[in-house]
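> My questions will all concern the structure given below.
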Amino acid sequence: GNSVTQMEGPVTLSEEAFLTINCTYTATGYPSLFWYVQYPGEGLQLLLKATKADDKGSNKGFEATYRKETTSFHLEKGSVQVSDSAVYFCALAKMDSNYQLIWGAGTKLIIKP
Amino acid sequence: NAGVTQTPKFQVLKTGQSMTLQCAQDMNHNSMYWYRQDPGMGLRLIYYSASEGTTDKGEVPNGYNVSRLNKREFSLRLESAAPSQTSVYFCATSQDRGSYGYTFGSGTRLTVV
């Protein structure tokens, strides 16, 4: 079946460090892939998405590339800020499952000044 | 502001009490979803409505009922609350059944004592 696996957190970094949060998926065909962010006490917000292989999603300095050969969609940012502290969720959606999202467990990111 | 509005934001219930969580959207999206979020378990789909007039069970529907009142509103009802239903509940909407991602409300934090 379809599944999403994220690296366990929390991930703790210093401000201006390079960030990578790993996400791999299992699915047949060509799912759409998403990263969502949840700030403390808030709902989830769509951060970026990619709908086909080799697509790169980007937003607010974050990037992720849809790698079909490695079934991965790792989230990266070159220089993190304290305000990036949040929980990050990777998710996939497939047309044949009515586009219901399959969610990763979430990775908590803590940025220290 | 356009978006997804959930009420109430917080609620404490006694075991056996009933309540309805309300969700309203002004984004003109066709699909609406109810999720629960529990620590360490990520997001789990309770019910969804692909379009006005239809509802379907998700991953964890037991103990819940839903009503898609019109295109804007999708309510979640707990008929007889149990402590296991203590959670944060999120409503989400999507256009085209989620291929472009979901928009989430800010959540309802429910405690059942």
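No value in this document is a laboratory result; all are computed from the given coordinates. Just so it is clear, the model here is predicted, and its values are computed rather than measured. No Cβ is skipped: glycine too gets one built from the backbone with ideal geometry, and neighbour counts run over all protein chains shown.
> How big is the dipole moment of the protein assembly as shown about its Cα centre under a simple scheme where the beta carbon of each Lys and Arg is +1, that of each Asp and Glu is -1, and everything else is neutral? Debye, nearest 20, please.
Details: 21 positive and 19 negative charges, 79 e Å.
Magnitude of the dipole: close to 380 debye.
> Let me ask you something else. Per Stokes-Einstein, at 25 °C and 0.890 mPa s, what whole-number D in µm² s⁻¹ belongs to the stretch B:45-110, with the Kirkwood radius over Cα pairs as the hydrodynamic radius? Write out the running numbers ahead of the final one.
Values: Rh = 12.8 Å.
After rounding, the answer is 192 µm²/s.
> Sort all Cα-Cα distances of the protein assembly as shown into consecutive 5 angstrom bins from zero, then give the percent of pairs in each bin up to the one containing the longest distance.
Result, from short to long distances: 1, 7, 15, 18, 18, 16, 12, 7, 4, 1, 0 percent.
> Could you rank the peptides A:52-62, B:70-80, A:24-34 by their average count of other C-beta atoms within 10 Å per residue, with the highest value first?
Highest-to-lowest ranking by the protection proxy: A:24-34, B:70-80, A:52-62.
> For the pair B:THR54 and A:THR12, how long in nm is the line joining their label points, each one 7 Å along Cα→Cβ?
About 4.8 nm, to one decimal.
> Taking amide hydrogens as modeled 1.01 Å from N in the peptide plane, which residues meet the under 5 Å criterion relative to B:TYR47, leaving out close sequence neighbours?
B:TRP34, B:GLY58
> How long are the semi-axes of the ellipsoid equivalent to chain A, from square roots of 5 times the Cα gyration tensor eigenvalues, in whole Å, largest first? Don't jump to the answer; show the numbers that get you there.
On the way: eigenvalues 116, 40, 28 Å².
One finds semi-axes of 24, 14, 12 Å for chain A.
> When you take every Cα atom in chain B, what is the radius of gyration, and what is Dmax, the widest Cα pair distance, in Å?
Calculated on Cα positions, Rg and Dmax stand at 13.1, 39 Å.
> Okay, next question. Averaged over peptide A:33-45, how many Cβ atoms belonging to another chain are found within 10 Å of each residue's Cβ? Don't jump to the answer; show the numbers that get you there.
Numbers: counts 0, 4, 1, 4, 0, 5, 0, 0, 5, 4, 15, 12, 4.
Across the residues of A:33-45, the mean count of other-chain Cβ atoms within 10 Å is 4.
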